[in-house]
Amino acid sequence: MSAPIVRPLAELRAMVGGWKARGESIAVVPTMGALHEGHLSLVRAARANCDRVIVTLFVNPRQFNSPEDFARYPRTEHADAELLGPLGVDALFVPDGDEVYPPGHATVVTVSGVTEPLEGAHRPGHFDGVATVVTMLFTMTQADRAFFGEKDWQQLQLVRRLAADLKLPVQIVACPCVRAADGLALSSRNQRLTDAGRGRAAALPRALFDASARIEAGEPVAAVLAAARAGLEAAGIAPVEYLELRDGETLGTPQPGRPARLLVAAWLDGVRLIDNVAVILR
Ligand code: AMP
């Protein structure tokens, strides 16, 4: 059985109202669809944590940098609903673009600081789109807990900041990145890799884990990052947009004694891949 698809906001609100009246807890898992095991791991965590689970599917035009990328984004709504049915999802909320952004919609949520480097520097407007839609998804679903993947590390820090700053009554739950057997982080965009590209793609996580181990062993960060970047480019994973060591929470300069994160964005086969790993700085 497929998960029930809900489109009109009024219908979602009526369901949520009934659940709230019975004192049931509500989880939300925001997605852009084309679901894979990474998304499903979030849904399983949500199912284990809350009485009701809403998965949202909205390919948010405001967080894409080009109309072509938005148009090319995979859309597999029917298959998504089928994948979610057996997981006990109460609603797959698929709002219409016109209901999310009706004519006259003029409110943009901007989170500063964490959003400025890396993805923020390379994808102007992307995080405003994310912050605005996530805020609306929180208010539309009235979820008590929201589940996000560590795959999108900077986005996760943005969402934590947003929820704290706006005093939103939602708890943010982070879930580990799910990887394929060869280490590549699962992503809806991986579908667009050629077979040859998919074969080479594991060089990306390998470079990250290797660089993380070298930094943790005390090798100089700049030299490790330069070698990792050269290795990626030699493997045909190019251009490398960024490969940087950052503070794990603020995304600012990494500090000894605080969790750090090594983050990368690089191109393969015309597909933009992002990934990140933990680094413990002594
Ligand atoms: P997306 O559909 O790409 O917007 O992703 C929706 C949610 O799934 C986000 O919180 C992502 O971080 C999360 N996600 C995507 N890929 C993975 C993965 N490989 N492992 C864990 N979470 C993921």
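Test residue 172 against the criterion of being within 23 Å of the chain's Cα centre (by Cα), open to solvent by 60 Å² or more (accessible area, probe 1.4 Å) and under 27 Å from residue 45 (Cα atoms), and give yes or no.
Numbers: within 23 Å of the chain's Cα centre (by Cα): yes; open to solvent by 60 Å² or more (accessible area, probe 1.4 Å): no; under 27 Å from residue 45 (Cα atoms): yes.
So residue 172 fails the test.
Here is a yes/no grid of residues against (1) under 24 Å from residue 179 (Cβ atoms); (2) out of contact with any Phe, Trp or Tyr (no Cβ under 7 Å at 6 or more places or on another chain); (3) within 13 Å of the ligand (Cβ to nearest atom):
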| residue | (1), (2), (3) |
| --- | --- |
| 13 | no, yes, no |
| 18 | no, yes, no |
| 23 | no, yes, no |
| 34 | yes, yes, yes |
| 46 | yes, no, yes |
| 66 | no, yes, no |
| 73 | yes, yes, yes |
| 79 | yes, yes, no |
| 89 | yes, yes, no |
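For segment 1-11, filtered to residues that are assigned to a loop (DSSP other than H, G, I, E, B) and not polar (S, T, N, Q), the residue that is nearest to the ligand (Cβ to nearest atom) is 3.
Please state which one of 174, 143, 121, 164 is assigned to a loop (DSSP other than H, G, I, E, B) and of a type outside the set (Val, Ile, Thr). Reasoning before the result, please.
Working: 174 fails: assigned to a loop (DSSP other than H, G, I, E, B); 121 fails: assigned to a loop (DSSP other than H, G, I, E, B); 164 fails: assigned to a loop (DSSP other than H, G, I, E, B).
Residue meeting the stated conditions: 143.
The set of residues in segment 181-199 that are open to solvent by less than 30 Å² (accessible area, probe 1.4 Å) and either part of a helix (DSSP H, G or I) or not small (Gly, Ala, Ser) (or both) comprises 184, 188, 190, 193, 197.
Filtered by the rule that a residue be within 24 Å of residue 74 (Cα to Cα) and either open to solvent by 20 Å² or more (accessible area, probe 1.4 Å) or modelled with pLDDT under 95 (or both), segment 36-56 gives 36, 37, 39, 41, 44. In segment 236-248, the residue that is farthest from residue 267 (Cα to Cα) out of those that are hydrophobic (A, V, I, L, M, F, W, C) and either open to solvent by less than 30 Å² (accessible area, probe 1.4 Å) or within 21 Å of the chain's Cα centre (by Cα) (or both) is 245. Every listed requirement among (1) among the hydrophobic types (A, V, I, L, M, F, W, C); (2) open to solvent by 60 Å² or more (accessible area, probe 1.4 Å); (3) touching a residue at least 60 places away in the same chain (Cβ under 8 Å) is met by residue 178 save one, (2). One residue stands out in segment 153-186 among those that are small (Gly, Ala, Ser) and under 20 Å from residue 127 (Cβ atoms): the one that is farthest from the ligand (Cβ to nearest atom), namely 164.
The values are calculated or read from the model by the stated rules, or taken from the named source; none is laboratory data. Since the structure is predicted, the reported quantities are computational estimates derived from the model, not experimental observations. Ideal geometry is used to build each Cβ from the backbone, glycine not excepted, and the neighbour counts take in all protein chains shown. Note: accessible area is taken over every heavy atom of the protein model, side chains too, but ligands, DNA and RNA are not part of it. Shrake-Rupley method; radii C 1.70, N 1.55, O 1.52, S 1.80 Å.
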